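Student: One structure, as structure tokens, below. Some questions next.
Just so you know, all these numbers are worked out from the coordinates, no wet-lab data involved. Everything numeric here is computed off the predicted structure, so don't read it as measured data. Methodologically, a virtual Cβ is constructed for each residue, glycine included, from the backbone with ideal geometry; neighbour enumeration extends over all protein chains shown.
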Amino acid sequence: MSADSFDELLDMYLLGELNEQQWAEFQAAIATDSAARARFVQSVSVEAHLHRLGASGEFAAARASAAPRWKLSLRGLSRWQRGAVAAILLIAVTGMIVFYALREDSSLMGRVESGSVLVDGKSGDRIREGSSVRITGMSPAVIHLADGSIATLDPGTQLVVKGREKDVRQVIQLAGGGGQFQVSHGGGQFRIDTAAGSVTVLGTQFTAVLRAPGGLYVSVTAGTVRLDGQGKSMTLGAGQSGTLGVAVNSPLPSGVAEPLVASGTIGLVDSKNLSFVLAESDGSESRYKAGSKTGDRETDVFLDGRKST
Amino acid sequence: MEPSTLARQFVQHRDLLYGYVFALTRDHNLAEDILQDVGVSILTEAARGTMPEHFLAWARGLARNRVADHYRRAASRRQHEMSFEQFADAVDLAFTEHSRTLEDNHQQLQFLRECVGGLTARVRRMIHLRYHDRLSLDEIASSLAWTSGAIKVALSRARRVLADCVGRKLRREEAT
């Protein structure tokens with residue numbers, strides 16, 4: 001088989017377009033022809049490397065430099081023709097200014113979908129590169145990141161969305177608290193930095209639960225992540241968990257209350273004393289009272305994630 | 001061999017193993033998923049104290065098994081592509097024959113960067129849309145106001161030019 005014919009089959013292989021006969025020819029060429037094998041290895045290697053460079057954002061510069069270049073010359077035009085060109089340019093420039101003013105800000109890194117969140121110290125739903133985010137409500141907040149990833153953050157969580165750093169498409173600096181992170185498929189690595197260490201997504205998708213500061217606890221439900229910090233490095237697959245820093249069962253940082261979560265059917269409600277009886281799934285009954293004191297901690301009652309009044 | 005050595009070797013040869021899995025699957029998303037499983041398998045084997053004599057051949061074997069598992073599960077695989085073992089043998093042979101060149105991943109990446117830099121601006125834009133934005137041929141065609149056929153031809157040509165360019169640079173490097 002000639003080199004050109006094999007190249008043609010190779011292109012079709014990469015596009016998944018080989019029919020039965022072509023597939024047989026392609027397979028036979030690789031099995032019997034060393035030149036075809038060399039070509040095959042070279043091509044799939046280039047394809048894999050292009051994929052890698054693309055995922056790490058290396059072609060972004062190429063895109064910018066690929067912008068068309070042109071030159072406008074007014075020589076040889078009459079006065080009214082020059083006036084017309086100037087008017088067209090004025091309209092075009094005004095249009096572009098309006099377009100860019102109305103366009104979505106490219107520094108936008110994410111949006112708050114639900115929950116009570118302070119962005120850069122103010123109540124808001126737009127998260128930009130470098131924004132600090134604090135979950136102020138008593139229920140988790142959901143944040144959709146620009147790369148398609150979703151973070152469901154626990155109350156009290158504080159983090160900074162740092163955006164792209166070299167090969168890493170999204171870096172998040174987690175200062176406290178934690179949550180679940182579902183990282184979208186492809187587009188390079190996703191990293192969460194904490195004082196105890198960092199978590200890097202090696203594969204395509206994962207869900208992790210973090211607790212910081214003091215210790216970093218990661219539990220992976222899908223995909224693979226890598227933990228680095230304090231001289232240790234470990235890779236965790238689905239169903240595995242790992243810690244860096246302190247033990248998983250270490251006390252929560254001071255000021256952070258461990259929420260009591262109970263579920264069941266509400267029975268007797270005493271509206272005068274703001275109390276109710278909860279029939280729990282194991283058959284037991286407990287009485288809960290809103291606004292009561294448990295030690296130094298004031299207890300609030302939340303029903304379906306909302307504070308009960 | 002220490003378990004950490006196996007993990008380090010996996011990271012070191014990740015691109016080569018990705019290329020191998022891609023060669024067998026020609027699907028980037030699937031190749032990423034399978035490589036992820038291979039990584040977990042390697043670490044599990046490392047924890048068990050497995051000490052392969054030839055890491056790459058051993059890791060390729062693990063990857064090949066994962067791909068075969070996938071195809072056994074995927075009922076949608078076309079009948080004429082079911083001769084997986086035969087094809088995988090040929091791909092194994094190809095990767096074994098060229099293992100020395102493939103192992104210098106860093107240099108290949110550097111050469112590829114240089115070769116991409118030598119493409120015209122329009123082709124670089126197309127490469128960006130394909131490999132960074134992961135657009136389909138139709139989407140690239142729509143974005144660049146070309147036909148899908150023209151994009152297919154241009155992409156094939158670009159891949160061929162890049163493969164030739166990298167190959168030339170590698171041969172020149174070997175000769176010096």
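Student: Extending each Cα 7 Å along its Cβ direction at A:Leu118 and A:Glu25, get the distance between those two points in nm, one decimal.
Tutor: 6.9
Student: Rounded to the nearest 10 degrees, what's the angle between the helix B:55-73 long axis and the longest principal axis of chain B, both from Cα atoms, 0 to 90?
Tutor: Taking the Cα atoms of chain B, the angle to B:55-73 is about 70 degrees.
Student: Rounded if a/c is under 1.5, else prolate if a/b is larger than b/c, else oblate: which is the stretch B:57-176, with a ≥ b ≥ c the root eigenvalues of its Cα gyration tensor?
Tutor: oblate
Student: Rank these for me by crowding, A:Leu108, B:Leu6, A:Leu216, going from fewest to most other beta carbons within 10 Å.
Tutor: A:Leu108, B:Leu6, A:Leu216
Student: Same structure, new question: Just checking the output field for B:43-54: average partner chain Cβ neighbours within 10 Å of each residue's Cβ?
Tutor: 1
Student: Over the whole of A:110-123, what's the average partner chain Cβ count within 10 Å per residue? Rounded to a whole number, please.
Tutor: Other-chain Cβ atoms within 10 Å of each residue's Cβ, averaged: 0.
Student: Work out how much length B:Asp138 to B:Thr5 would gain on full extension: take 0.36 nm times their residue separation and subtract the Cα-Cα distance, in nm to one decimal.
Tutor: The B:Asp138-B:Thr5 span can extend by a further 43.4 nm.
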